[in-house]
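Accompanying notes for the structure given below.
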Amino acid sequence: MNKLSLAYELHKRKLLTLLLTGVFIWSLFAVQWSTGLIHGSGLATAGQIFGAMFQPDVSADILIIALESSWITLAYAAAGMSLAIILAFFLGIWASGVLASGAKSRYFMKGTFRSVLGFMRAIHELVWAWLFVASFGLSPYAAVFALAIPYGGILGRIFADMLNDVPKEPIQALESAGASRIQCLIYGYLPNVRANILSYVMYRFECAVRSSAIMSFVGLGGLGYQIQLSLDDLQYNEVWTFLFFLIGVVVLIDLWSSQLRRRLAL
Amino acid sequence: MSNPEILDINQISKHFERKVALSSLSFSVKKGERVALIGPSGAGKTTLLNILASVIEPDEGQVFLDGEPMQEYADRKKFAKKIGIIRQQFDLVGQLPVIHNVLAGKLADWGFAKSILSLLIPQEKEAAIRSLERVGLPDKVYERTANLSGGEQQRVALARLLVQSPQIVLADEPVASLDPARAEDVLFMLTKLAAEENQTLIASLHSIDYARKYFDRLIALKDGVLFFDLEADKVTDEQLKELYQLKELVR
Ligand SMILES: Nc1ncnc2c1ncn2[C@@H]1O[C@H](COP(=O)(O)OP(=O)(O)OP(=O)(O)O)[C@@H](O)[C@H]1O
Ligand SMILES: [Mg+2]
C-alpha cells in the first residue's frame, strides 16, 4: 500500500504528461480533416489576398488614415496597459502574499486575490469589449477597460509568481536587519523582479497593440476597423497597408523594449 | 562583573521530523566573547544559530538574551538592535547598488517614507560611506552589488552589520564560499570590527585553523550535543580528531 502510493508520488508527473499527450492525439482525430476545412473557391481569393501583399496601397489619403488609426490603436493600447500595470501592481503584490505577516493571513490573501486575478483574465479582451460597448456604447473607455482588465489579470498573476520565486536568503537577511514586511518589499522583492517584470510588461504591450487592433473590429476606431472596412470593399491592397503599419508599430515597441532592457541590465 | 552573560542557552532541543538536530544543549556566552562553533556537517551549528537569530524556535528549553527570555523580543526592530546575522554571500540584494544594501542596516530605525525616499536620495549616506571605508570598499558605493566578487560582497554584508550595530553578531559559515586568502581577509575583518565595536561574536566555521587563530573560545557540536567547550588554545589535536572522526572508524 505504502509502496504503491510512493510509486504514484514518484511517477505522478509522468502519468499526467501521458494523459495530456493522449488527449492531444485524440483531439487530432476529432477534427474532420477531409471535409469543409478548406473550400475550393477560397483558393483563388487567397491568391488575390497574398498577391496584394506586394502592392500595398500607398496613396496619400490611405497613408493618412493608416497613420491616424495606428495612433488610435497605439493610444488605446498604451492607456489600457497603463491601467493594467496599476491594477497588476497592487493586485499582484497582494496575491503574492509577501505583505502578509502570518501564515493564515497569507493563505487568505493569496486565495482571495489570486481568484480576483483569475476572474479578470478568464474572460477574453474581445468579450470584455463587447460587454463594455453594449453597456456604454462606442467610447474609448470601452476599449481601454476591455484591455486593462484581462491584461491586468495576466500581468498581476505573473508578477505575483515572480515575487514568490524571489530567493529567500536576501529577504531573511533584511528581516533580521529589522525590516518590516513593506520594507522587505521595496528593498528585497521589488528590486529582484524589476528587470523581469519590465521585460514582460513590454512583451505584453506588444500583445496589447495587436489586441487593440483586433478589438476595433467591434466598431471602436483603429487599425482593425480600417482593415475590416477595406476587407468589406475587397480592397486587399489597402488591407496590406494597414497590416504593414501594425507590423511597424509592433517592431518599434520591440526595439524600444530591447533598448530599455539593455539599460536596466547595467 | 565587567563581563556579564549576554546570552544564556538553557537545555534547548530541536528536531526535524524524527531527526534530532540539537538535544539539551546548554552554555552561556559573556559579553564581548568571540566564540567559534565547530563540528562536522549536520552537527546542528546552523540550527543553533537560527534559534539564536529567532528564525526558528526550539522545541524545548529557553534562550535568555541580556537576562530576558527571547520571547520578550517579539518586535523585530528591537531585536535587530540586539542580534545581527551574516551568512554566506547570498544575503545581499544583488540588483541594488551597494549603498542601499549597506543602508538596509538602518531599516530598523526608518519608517516607510524614509526608506522609500532613501532609494531615490540615499539617507544618512555618511554612515554608509564610513562603514564601507572601514571594510575597505570606499570606491564601490554606487556599484551594482551583483557585480562585486564574493569576498567584496561579504565585506558589504559586514558594512551593513556596522550600520545596524547590534550587540551580538552571529555568523554562519561567513567564509565558506571564498578562497583561502579572501576567507582569511574577511574573518580578520569580522573579528576586528567586532572587537572595535565591543560586540559579542558567535561564528560557525569549518576551518579549525581559522577558529583557533581568530577566536577565544571553541564550542564543538557533534550530532546535536556539546562535544567540548574550551578556550581556543586548550583544544588538543586528539579532541579535534575525535570530533571529526566518522562513526565507522570509531569501532
Ligand atoms: N529544515 C530542516 N528540515 C529537516 N531537517 C533539517 C532541517 N534543517 C536541518 N535539518 C537537519 O538537522 C541536522 C542539523 O543540521 P544543521 O544544518 O544545523 O547542521 P550544520 O552543523 O549547520 O551542518 P553544515 O556544517 O553542513 O552546515 C541535520 O541532520 C539536518 O539534516
Ligand atoms: Mg550549516
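The values are calculated or read from the model by the stated rules, or taken from the named source; none is laboratory data. Just so it is clear, the model here is predicted, and its values are computed rather than measured. Neighbour counts run over all protein chains shown; Cβ positions are idealised from the backbone, glycine included. Accessible surface is based on the protein model in full, side chains and every heavy atom, while ligands, DNA and RNA are left aside. Shrake-Rupley method; radii C 1.70, N 1.55, O 1.52, S 1.80 Å.
Quick look at the numbers
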{"item": "Those residues of the stretch B:86-99 which are modelled with pLDDT of 90 or more and closer than 25 Å to residue B:22 by Cα, in sequence order", "result": "B:86"}
{"item": "The stretch B:107-141, subset hydrophobic (A, V, I, L, M, F, W, C) and out of contact with any helix residue (DSSP H, G or I) (no Cβ under 9 Å at 6 or more places or on another chain), residue most open to solvent (accessible area, probe 1.4 Å)", "result": "B:120"}
{"item": "Residues of the stretch A:166-207 satisfying the condition of being away from chain B (no Cβ under 14 Å) and not hydroxyl-bearing (Ser, Thr, Tyr)", "result": "A:201, A:202, A:204, A:205, A:206, A:207"}
{"item": "Residue match in the stretch B:91-106 (condition: open to solvent by 40 Å² or more (accessible area, probe 1.4 Å) and either part of a helix (DSSP H, G or I) or under 22 Å from residue B:168 (Cβ atoms) (or both))", "result": "no"}
{"item": "Enumeration of residues in the stretch A:178-232 that are outside any helix (DSSP H, G or I) and either at pLDDT below 90 or open to solvent by 20 Å² or more (accessible area, probe 1.4 Å) (or both)", "result": "A:180, A:219, A:220, A:221, A:222"}
{"item": "Residue within the stretch B:115-124 that is within 13 Å of chain A (Cβ to nearest Cβ), in contact (Cβ under 8 Å) with a residue 40 or more places away in the chain and in a loop (DSSP other than H, G, I, E, B) present", "result": "no"}
{"item": "Residue ID - farthest from ligand 1 (Cβ to nearest atom), chosen from residues in the stretch B:18-58 that are touching a Gly at 6+ places or on another chain (Cβ under 9 Å) and hydroxyl-bearing (Ser, Thr, Tyr)", "result": "B:26"}
{"item": "Search result, residues across the stretch B:1-17 that are more than 15 Å from ligand 1 (Cβ to nearest atom) and of a type in the set (D, E, K, R)", "result": "B:5, B:8"}
{"item": "Residues of the stretch B:209-223 classified as farther than 16 Å from residue B:86 by Cβ, in contact with a helix residue (DSSP H, G or I) (Cβ under 9 Å, 6 or more places away or on another chain) and away from ligand 2 (no atom under 16 Å from the Cβ), total", "result": "5"}
{"item": "Checklist (1) in a helix (DSSP H, G or I); (2) open to solvent by 10 Å² or more (accessible area, probe 1.4 Å) applied to residue A:101, failing item", "result": "(1)"}
{"item": "Candidates B:207, B:149, filtered to the one that is open to solvent by 40 Å² or more (accessible area, probe 1.4 Å), of a type in the set (Ser, Thr, Tyr) and either more than 30 Å from residue B:67 (Cβ to Cβ) or more than 14 Å from chain A (Cβ to nearest Cβ) (or both)", "result": "B:149"}
{"item": "Positions within the stretch B:162-177 being of a type in the set (A, V, I, L, M), open to solvent by 10 Å² or more (accessible area, probe 1.4 Å) and away from ligand 2 (no atom under 16 Å from the Cβ), in sequence order", "result": "B:162, B:163"}
{"item": "Residue within the stretch B:78-85 that is in a helix (DSSP H, G or I), modelled with pLDDT under 90 and more than 16 Å from ligand 1 (Cβ to nearest atom) present", "result": "yes"}
{"item": "Subset of the stretch B:16-47 (residues that are within 10 Å of ligand 2 (Cβ to nearest atom), open to solvent by 50 Å² or more (accessible area, probe 1.4 Å) and more than 14 Å from every other protein chain (Cβ to nearest Cβ))", "result": "B:41, B:42"}
{"item": "Test: residue in the stretch B:23-39 that is under 17 Å from residue A:174 (Cβ atoms) and either small (Gly, Ala, Ser) or touching a residue at least 12 places away in the same chain (Cβ under 8 Å) (or both)", "result": "no"}
{"item": "Residues satisfying the stated conditions in the stretch B:74-93, i.e. within 16 Å of ligand 2 (Cβ to nearest atom), in contact (Cβ under 8 Å) with a residue 40 or more places away in the chain and in contact with a helix residue (DSSP H, G or I) (Cβ under 6 Å, 6 or more places away or on another chain)", "result": "B:85, B:86, B:89, B:91"}
{"item": "Leading residue by the ranking (farthest from ligand 2 (Cβ to nearest atom)) among those in the stretch B:48-73 that are in a helix (DSSP H, G or I) and open to solvent by 40 Å² or more (accessible area, probe 1.4 Å)", "result": "B:72"}
{"item": "Where residue B:91 falls short, out of the listed (1) among the acidic types (Asp, Glu); (2) within 13 Å of chain A (Cβ to nearest Cβ); (3) more than 16 Å from ligand 1 (Cβ to nearest atom)", "result": "(3)"}
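Conditions (1) within 14 Å of another protein chain (Cβ to nearest Cβ); (2) within 16 Å of ligand 1 (Cβ to nearest atom), marked per residue:
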{"site": "B:143", "(1), (2)": "yes, no"}
{"site": "B:156", "(1), (2)": "yes, no"}
{"site": "B:170", "(1), (2)": "yes, yes"}
{"site": "B:181", "(1), (2)": "no, no"}
{"site": "B:188", "(1), (2)": "no, no"}
{"site": "B:195", "(1), (2)": "no, no"}
{"site": "B:215", "(1), (2)": "no, no"}
{"site": "B:222", "(1), (2)": "no, yes"}
